[in-house]
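Engineer: So that we are looking at the same thing, I have put the structure below in structure tokens.
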Amino acid sequence: MVLEEAPPILLIAIGLDNGFIYCIKGDIARERITRFKLQVDAASDGSTSLPITGLGFRVEGQAHQLFAVTPSSVTLFNLHVQPPRRQTLDQIGCQTNAVAMSDRMDLIIGRPEAVYFYEVDGRGPCWAFDGDKKFVGWFRGYLLCIIEDQRTQKGTLNVYDLKNRLIAHSMPVGDVSHLVCEWGYIILIMDDKKILCIGEKDMESKLDMLFKKNLYTVAINLVQSQQADPASTAEVLRKYGDHLYGKQEYDEAMSQYIHTIGHLEPSYVIQKFLDAKRIYNLTNYLEKLHDRGLASKDHTTLLLNCYTKLKDVEKLNNFIKDEDGIGEIKFDVETAIRVCRAAGYHEHAMFVAKKSGRHELYLKILLEDLGRYDEALQYISGLEANQAGLTVKEYGKILVEHRPAETVEILLRLCTNLGDPTTRRGSNSMHLLMIPSPMDFVNIFVHSAQYLMEFLENYIKAVKDSPAQTEIHNTLLELYISNDLSFPSISQENGFENHNTKETNGKETANGYKSGTRDKANLGKEDTKIAKSIVDRRRKGLALLKSAWTSEMQDPLYDVDLALILCNTHAFKDGLLFLYEKLKLYKEVISCYKQAHDHQGLIACCKKLGDSSQGGDPSLWGDLLKYFGELGEDCSKEVKEVLTYIEKEDVVPPIVVLQTLSKNPCLTLSVVKDYIARKLEQESKLIEDDRKSIDKYQEETELMKREIEDLKTNAKVFQLSKCTACTFTLDLPAVHFMCMHSFHLRCLGDNEKECPECAPEYRSVMEAKQKLEQNARDHDIFFRQLRGSKDGFSVVADYFSKGIVSKTTVPPENGR
């Protein structure tokens, strides 16, 4: 035997016939070697030592050991100590060529009765194979034996698979001189100088052969011993399972299919066990599939259906609740909940929903399946604000329908944080933005507008600076002003009740029974209740219109256009009047009273809005007079009162008054008699004053003309003896002006062309004239004064009197 320790160091052991072992160790090529001899024990009968029939090296780390076999003993030498220590392992041996070493460094010896394995501490397992072992070998985990038949004297090569306990190959051979395992082959050198090479088949060929013989267990052990990939092992297991399934051994087949999980498509197995008789096997497979986390939604559905079909509540509890209640969920939550709900296992569905944090599904079961509304409200109260808001948006309609007051209370806490003093809102706008808006929950009150109104009313009392206050006020206005307590996005709650009442009444009539008196009484009470509700709501609506648009506010806290449309659509007169007045649409205010034929209201409104001293519009009195003139009925009292204010404000000329009132055939002259008399008296007085002014201006004009003529025709005598500027005696050189002022030339300085005394007055007159001329070219000023004046004619006359309006030049006709 040769052992290559570390090239070029070799260890050579030569067994001799005399029982000695001659060992050479070292670099033989360089002759750097050491020699030593070993000797096995002498024969037990005291004769000479038996020959060495077999040797084998065993290497464990740095320790080298040598097995030595004789026909009657097995000895072990420890070479890592000096001198080598000898240990006799057994008192039996074997003949030459019946010794080999396994790949686990165990010594193998072949004897007629059996094959023995030896380890360092003695004899190990043995395999009983009858026959004389001529040769023993080891090849890739297989035991090789050439056994000679005593009767025929012929040899047979057997290849034993010890792990699977089978003969992997057997073939007759002739006379063999040597058995060698090299280059991946079993090589037999025959006595007739022939060489027989035997190769191992590939794994696929082995398996095909085993499958044909139905040796599936052997095939499985084979692939496992060969450390094949998991997919190949799973394929063998699948075929074995199919074989057992074909033999109707379903339990054993399922045990094989379970081992294929992760490699074999689950649907392949599931479709084989869908029969109701095999539901237990299918349940077992699906459980294992979930345990390994490889189940899909459909697998979860199928497993839960199996549990429900079997009515196995214990297994269902184990699957859903995990016994300890803290295990990780290993299935699709939505699928489990859906199947449990369909099968009536609501508590299990609720447990899964709660454990997985699916609050919306938990509430869906409580509300839609079990009708436990109080418990649902309590559950929502325990959620975080964000999650609670989402769940209320989804299931709020059901809660409002069955527990409206409690739902409104939860919403108020949610939108105002009234239940959490640490986060109570103040003026922090950023915090307000984080809290849900009440408008997000309006749609859940689709059939309960009354509770929506209460919710929003309580909210605006608690929160004064909500970012959604405009939308909130708009919604409240719709609720307050609507006749039937609804708005376009909300169904009419009372309408449903009335509809049901009509259906009931119809049924009673069809059956020949109807309590007419009772129905009328009920309808009368209902009408009274509705009318009272409308009055109360409109009173709130008017208060909201005023409180959300006070005199200190520039803009209202609601949409004015929407408010106008609502008031107009539902004939809410008080609201319209307030809005028109705030918008300074005074004529629309008057129109409201006109449509209502409220004469006293008209006059009172004009008193309030037509007072120019308070910023009102006096022209309203003219519109009011025109209304009475076209009314076509006797309204003498009102006309007299109107004429009093028209006369006071002087907004309508008397001629217009007469023309307007003459259109009403029911009015007599006595209505305007006193007014006309007073106006004539005023006009007469004005005419007299104007006549006096004319005479005065004519006299002054004549005087000016005479002065001008005198200046043009007569000499002017200057008699002043003192200078007007310095009051000293006037001496030459002196300057005399036509205004009869005289000055020293030195007192005038550089300005000797105008009188210093009269120049300022003259310049002011010239500037006024220039300004008037400029105004004559600016038509906007003229028309602005014309519109702003009570008497437009006086403005035109004033422009003519100042010479501002230029005369129109008429071009001469041809030939003249």
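The values are calculated or read from the model by the stated rules, or taken from the named source; none is laboratory data. These numbers come from a predicted model, not from an experiment. Cβ sites come from the backbone with ideal geometry, for glycine too, and all protein chains shown count toward neighbours. Calculation scope for accessible area: heavy atoms of the full protein, side chains included, ligands and nucleic acids excluded. Shrake-Rupley method; radii C 1.70, N 1.55, O 1.52, S 1.80 Å.
Engineer: Output yes when any residue across region 189-207 is in contact (Cβ under 8 Å) with a residue 40 or more places away in the chain, over 15 Å from V99 (Cβ atoms) and out of contact with any Asp or Glu (no Cβ under 8 Å at 6 or more places or on another chain), and no when none is. Quick ask: steps written out before the conclusion?
Structural biologist: Narrowing region 189-207 to residues in contact (Cβ under 8 Å) with a residue 40 or more places away in the chain: 198, 200.
Okay, now just the ones that are also over 15 Å from V99 (Cβ atoms), so 198, 200.
Then drop every residue that is not out of contact with any Asp or Glu (no Cβ under 8 Å at 6 or more places or on another chain), which leaves 198, 200.
Scanning region 189-207, I find at least one residue that is in contact (Cβ under 8 Å) with a residue 40 or more places away in the chain, over 15 Å from V99 (Cβ atoms) and out of contact with any Asp or Glu (no Cβ under 8 Å at 6 or more places or on another chain), so the answer is yes.
Engineer: I need the full set of residues from region 387-402 which are touching a residue at least 40 places away in the same chain (Cβ under 8 Å) and open to solvent by 40 Å² or more (accessible area, probe 1.4 Å), in order please.
Structural biologist: Filtering region 387-402 down to residues touching a residue at least 40 places away in the same chain (Cβ under 8 Å) leaves 389, 392-393, 396-397, 399-401.
If the condition is that a residue be touching a residue at least 40 places away in the same chain (Cβ under 8 Å) and open to solvent by 40 Å² or more (accessible area, probe 1.4 Å), then K393, K397, E401 are the ones that fit.
Engineer: Here's a follow-up. Might you check whether a residue that is outside any strand (DSSP E or B), of a type in the set (S, T, N, Q) and loosely packed, with under 13 Cβ neighbours inside 10 Å occurs anywhere in region 747-764? Walk me through how you get there before you give the answer.
Structural biologist: The first filter runs over region 747-764 and keeps only residues outside any strand (DSSP E or B), leaving 747-764.
Next, only the ones that are of a type in the set (S, T, N, Q) stay: 751, 764.
With loosely packed, with under 13 Cβ neighbours inside 10 Å added as a condition, the list becomes 751, 764.
Yes: one or more hits.
Engineer: Being within 26 Å of Y558 (Cβ to Cβ) and at pLDDT 80 or above is true for just one of M439, M430. Which residue is that? Please lay out each step first, then the result.
Structural biologist: Values: M430 fails: at pLDDT 80 or above.
Selected residue: M439, the only one of M439, M430 that is within 26 Å of Y558 (Cβ to Cβ) and at pLDDT 80 or above.
Engineer: Within region 92-140, track down each residue that is more than 14 Å from P71 (Cβ to Cβ), open to solvent by 30 Å² or more (accessible area, probe 1.4 Å) and of a type in the set (V, I, T).
Structural biologist: V120
Engineer: What are the pairs, 6+ residues apart or on separate chains, where a residue within region 602-625 that is closer than 17 Å to T660 by Cα has its Cβ under 6 Å from a residue that is open to solvent by 50 Å² or more (accessible area, probe 1.4 Å) and modelled with pLDDT of 70 or more?
Structural biologist: From residues that are closer than 17 Å to T660 by Cα, the pairs are W621/Y645.
Engineer: Next question. Out of (1) in contact (Cβ under 8 Å) with a residue 12 or more places away in the chain; (2) open to solvent by 40 Å² or more (accessible area, probe 1.4 Å); (3) within 44 Å of the chain's Cα centre (by Cα), what's the single condition that is false for Y285?
Structural biologist: (2)
Engineer: Then there is this: Taking L166 as meeting all but one of (1) of a type outside the set (S, T, N, Q); (2) at negative phi; (3) open to solvent by less than 40 Å² (accessible area, probe 1.4 Å), write down the number of the exception.
Structural biologist: (3)
Per-residue answers, yes or no, for (1) surrounded by 14 or more Cβ atoms within 10 Å (Cβ to Cβ); (2) acidic (D, E); (3) at pLDDT below 75:
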| residue | (1), (2), (3) |
| --- | --- |
| Y451 | yes, no, no |
| E454 | yes, yes, no |
| S489 | no, no, yes |
| K507 | no, no, yes |
| Y513 | no, no, yes |
| I534 | yes, no, no |
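Engineer: On to the next question. Would you point out which residue out of A734, A677, A725, A715 is over 60 Å from the mean Cα position of the chain (by Cα) and surrounded by fewer than 10 Cβ atoms within 10 Å (Cβ to Cβ)? So that I can check it myself, show each step before the final result.
Structural biologist: Values: A734 fails: surrounded by fewer than 10 Cβ atoms within 10 Å (Cβ to Cβ); A677 fails: surrounded by fewer than 10 Cβ atoms within 10 Å (Cβ to Cβ); A725 fails: surrounded by fewer than 10 Cβ atoms within 10 Å (Cβ to Cβ).
Just a single option satisfies the conditions, and that option is A715.
Engineer: Go through (1) of a type outside the set (D, E, K, R); (2) open to solvent by less than 40 Å² (accessible area, probe 1.4 Å); (3) not in a helix (DSSP H, G or I) and name the single condition I220 misses.
Structural biologist: In the conditions (1) of a type outside the set (D, E, K, R); (2) open to solvent by less than 40 Å² (accessible area, probe 1.4 Å); (3) not in a helix (DSSP H, G or I), I220 misses (3) alone.
Engineer: Continuing with this model, one more query. Between F783, F743, which is within 30 Å of D798 (Cα to Cα) and either under 60 Å from the mean Cα position of the chain (by Cα) or of a type in the set (F, W, Y) (or both)? I'd like the intermediate steps shown before the answer.
Structural biologist: Values: F743 fails: within 30 Å of D798 (Cα to Cα).
Residue meeting the stated conditions: F783.
Engineer: Let me ask something additional. Do we have K573 as modelled with pLDDT of 75 or more, open to solvent by 40 Å² or more (accessible area, probe 1.4 Å) and on the phi < 0 side of the Ramachandran plot here? Step through it out loud before you land on a result.
Structural biologist: Working: modelled with pLDDT of 75 or more: yes; open to solvent by 40 Å² or more (accessible area, probe 1.4 Å): yes; on the phi < 0 side of the Ramachandran plot: yes.
For K573, the condition - modelled with pLDDT of 75 or more, open to solvent by 40 Å² or more (accessible area, probe 1.4 Å) and on the phi < 0 side of the Ramachandran plot - is met.
Engineer: Considering only region 734-746, state which residues are part of a strand (DSSP E or B) and not polar (S, T, N, Q). Spell out the reasoning first.
Structural biologist: To start, the set of residues in region 734-746 that are part of a strand (DSSP E or B) comprises 734-736, 742-744.
Answer for region 734-746, where residues must be part of a strand (DSSP E or B) and not polar (S, T, N, Q): A734, V735, H736, F743, H744.
Engineer: So, in region 69-88, exactly how many residues are closer than 15 Å to F36 by Cα and buried (at least 20 other Cβ atoms within 10 Å of the Cβ)?
Structural biologist: From region 69-88, those closer than 15 Å to F36 by Cα are 77-86; that's our starting set.
Those left that are additionally buried (at least 20 other Cβ atoms within 10 Å of the Cβ): 77, 79.
Counting residues in region 69-88 that are closer than 15 Å to F36 by Cα and buried (at least 20 other Cβ atoms within 10 Å of the Cβ) gives 2.
Engineer: Now for a different question. Kindly evaluate L366 against the criterion of being of a type in the set (A, V, I, L, M, F, W, C), modelled with pLDDT of 75 or more and more than 30 Å from E471 (Cβ to Cβ).
Structural biologist: Working: of a type in the set (A, V, I, L, M, F, W, C): yes; modelled with pLDDT of 75 or more: yes; more than 30 Å from E471 (Cβ to Cβ): yes.
Taking the combined requirement at face value, the residue satisfies it.
Engineer: Is it the case, given these coordinates, that N814 is part of a helix (DSSP H, G or I), at pLDDT below 75 and more than 25 Å from P653 (Cα to Cα)? Talk me through it step by step, then tell me what you get.
Structural biologist: On the way: part of a helix (DSSP H, G or I): no; at pLDDT below 75: yes; more than 25 Å from P653 (Cα to Cα): yes.
No.
Engineer: For region 557-570, which positions are assigned to a loop (DSSP other than H, G, I, E, B) and open to solvent by 60 Å² or more (accessible area, probe 1.4 Å)? Break it down stepwise before answering.
Structural biologist: Our first condition is that a residue be assigned to a loop (DSSP other than H, G, I, E, B); within region 557-570, this holds for 557-559, 570.
D559 - this is the single residue of region 557-570 that is assigned to a loop (DSSP other than H, G, I, E, B) and open to solvent by 60 Å² or more (accessible area, probe 1.4 Å).
Conditions (1) at pLDDT 85 or above; (2) open to solvent by 20 Å² or more (accessible area, probe 1.4 Å); (3) closer than 18 Å to L289 by Cβ; (4) of a type in the set (S, T, Y), marked per residue:
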| residue | (1), (2), (3), (4) |
| --- | --- |
| N214 | no, yes, no, no |
| D229 | no, yes, no, no |
| S232 | no, yes, no, yes |
| D251 | yes, yes, yes, no |
| Y257 | no, no, yes, yes |
